[in-house]
Amino acid sequence: MLRQLFIQARQRGLNDGQLGMRFAVTPDHLTGRVNSVARTIAIFGAPLGSLAAGFLLGSFSARTTMAVFTIMLVLLTAFATLSPSIRDAPSLDELRPVEPMEPAFPELVG
């Protein structure tokens, strides 16, 4: 249960940071498309974790399965922490405003 609380707290911080950056760097007219692609990728990956857990539990003990997932989480966290694109990302204050574009079909804009 303590592990779940830690995961939820970490997830909230990650979501806030990546959503803020995504909204800051995405032009307004593309926000819906970018968010839909990000959500599709996230939702697509969710069943893969269950599939991997089922395979590992069927082949190994629960302790080994937990160890594998813990190692994967630590490696992903280390990769994200050490990634130059994340470490060198500009702060939201450093981003310049995105210039609005003209609509592709002005007659359809109300």
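Listing for the model above:
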read-out: Selection status of P84, within 23 Å of V25 (Cα to Cα) and loosely packed, with under 10 Cβ neighbours inside 10 Å; value: yes
read-out: Single match in L48, L56, L76 (criterion: part of a helix (DSSP H, G or I), free of Cβ contacts under 8 Å to residues at least 12 places away in the same chain and surrounded by 10 or more Cβ atoms within 10 Å (Cβ to Cβ)); value: L76
read-out: Residue among P103, P90, P97 that alone is farther than 16 Å from D28 by Cβ, modelled with pLDDT under 90, assigned to a loop (DSSP other than H, G, I, E, B) and out of contact with any helix residue (DSSP H, G or I) (no Cβ under 6 Å at 6 or more places or on another chain); value: P90
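The values are calculated or read from the model by the stated rules, or taken from the named source; none is laboratory data. Quantities reported herein were computed from a predicted structural model and do not represent experimental measurements. FYI the Cβ positions are ideal-geometry reconstructions off the backbone, even for glycines, and counts take in every protein chain you see.
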